[in-house]
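J.: One structure coming up, written as structure tokens, with questions to follow.
The values are calculated or read from the model by the stated rules, or taken from the named source; none is laboratory data. Predicted model, so just to flag it, every value in this text is computed and none were measured. Reconstructed Cβ throughout: ideal geometry from the backbone, glycine too, with neighbour counts over all protein chains shown.
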């Protein structure tokens with residue numbers, strides 16, 4: 001793909017798919033189509049309406065450069081600069097994870113835990129480790145009667161969420177804060193905590209596909225030796241901010257870790273603990289509601305300044 005000799009769209013696609021297959025890229029044809037369609041600003045189907053049409057030299061060179069990036073196992077979404085999630089488009093940078101299809105199921109579970117509101121009140125949701133803001137924005141878009149606070153320890157990731165919320169017209173509902181877990185929160189009670197936290201055991205990072213290992217931020221992946229370095233404190237601190245019968249929905253590494261998180265939730269006073277399968281049948285998500293005893297004790301700890309992160313108590317602050 002080094003020559004700039006005129007080649008039709010079909011020829012460019014075939015050459016790109018061959019190069020990507022040789023590089024070990026799964027779905028090579030699909031990625032070749034996405035890259036060219038993005039450059040031409042057309043849908044993938046439209047590529048085949050005039051398959052013999054020659055590309056301008058500048059477009060052909062840009063396409064071949066994009067294919068070379070993908071052949072080096074840079075994720076398609078990072079080359080395009082965006083990813084879709086529950087029908088919305090999210091801008092991506094190196095500071096955030098590429099949203100995964102299975103995480104759309106976490107949004108479903110979270111929405112299912114939010115009861116309809118009849119008295120005019122606005123339930124409050126916290127998204128911890130928001131990243132690109134895909135969860136927070138998707139939930140807000142589907143429930144305009146709620147408010148969401150999206151928190152990420154990375155100021156760069158928080159900035160991406162702010163931009164995505166603004167582009168999607170969700171800034172009235174969604175507030176973004178840079179901070180560590182519950183640290184930026186004041187003495188508020190929330191109806192739901194949702195999180196797709198770093199949950200991979202450190203030793204597993206080297207086994208990941210190059211698209212993830214070399215391009216997703218380690219801060220968003222590494223959950224420590226057992227994958228529970230973030231989930232453990234998150235579960236322990238959650239009762240301090242949940243309303244009575246408030247709910248929690250978490251994504252995990254699945255399998256044994258999901259079972260371990262379920263045990264942590266029960267030990268912390270949560271009830272109705274359930275695990276839920278992902279798209280390939282692995283128990284990956286865990287949901288629960290706060291029991292009355294845990295709620296009372298947890299709020300007393302939070303009011304006394306014993307919550308996670310050492311943040312100031314008082315009203316929510318934007319940083």
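J.: Given 181, 242, 228, 185, which one is at pLDDT below 95, over 17 Å from the mean Cα position of the chain (by Cα) and surrounded by 21 or more Cβ atoms within 10 Å (Cβ to Cβ)?
T.: 185
J.: Output the residue which, of all residues in segment 147-157 that are touching a residue at least 40 places away in the same chain (Cβ under 8 Å) and closer than 20 Å to residue 185 by Cβ, is surrounded by the most Cβ atoms within 10 Å (Cβ to Cβ).
T.: 157
J.: For residue 72, all conditions in the list (1) surrounded by fewer than 16 Cβ atoms within 10 Å (Cβ to Cβ); (2) farther than 30 Å from residue 221 by Cα; (3) within 30 Å of the chain's Cα centre (by Cα) hold save one; what is the number of the exception?
T.: Looking at each condition in turn, residue 72 falls short on (2).
J.: Another question, then. State all residues of segment 101-132 that are at positive phi and either outside the structural domain of residue 279 (by TED's automatic domain parsing) or surrounded by fewer than 18 Cβ atoms within 10 Å (Cβ to Cβ) (or both); if no residue qualifies, say none.
T.: 120
J.: Checking residue 84 against (1) modelled with pLDDT under 95; (2) outside any helix (DSSP H, G or I), which single condition isn't satisfied?
T.: Condition not satisfied by residue 84: (1).
For every residue, the table says whether it meets (1) farther than 14 Å from residue 16 by Cα; (2) at pLDDT below 95; (3) outside the structural domain of residue 155 (by TED's automatic domain parsing); (4) within 25 Å of the chain's Cα centre (by Cα).
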position: 36; (1), (2), (3), (4): no, no, yes, no
position: 42; (1), (2), (3), (4): yes, yes, yes, no
position: 46; (1), (2), (3), (4): yes, yes, yes, no
position: 49; (1), (2), (3), (4): yes, yes, yes, no
position: 62; (1), (2), (3), (4): no, no, yes, no
position: 78; (1), (2), (3), (4): yes, no, yes, yes
position: 98; (1), (2), (3), (4): yes, no, no, yes
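J.: Can you tell me which of 74, 52, 61 is farther than 26 Å from residue 208 by Cα and in contact with a helix residue (DSSP H, G or I) (Cβ under 9 Å, 6 or more places away or on another chain)?
T.: Result: 52 is the single residue among 74, 52, 61 that is farther than 26 Å from residue 208 by Cα and in contact with a helix residue (DSSP H, G or I) (Cβ under 9 Å, 6 or more places away or on another chain).
J.: Does residue 23 fit the bill of being within 24 Å of residue 97 (Cβ to Cβ) and not assigned by TED's automatic domain parsing to the domain that holds residue 208?
T.: yes
J.: Right, here's the next one. What's the number of the condition residue 135 fails, among (1) at pLDDT 95 or above; (2) surrounded by fewer than 23 Cβ atoms within 10 Å (Cβ to Cβ)?
T.: (2)
J.: Counting only residues that are closer than 27 Å to residue 89 by Cα and in contact with a strand residue (DSSP E or B) (Cβ under 6 Å, 6 or more places away or on another chain), which one in segment 191-225 is surrounded by the fewest Cβ atoms within 10 Å (Cβ to Cβ)?
T.: 221
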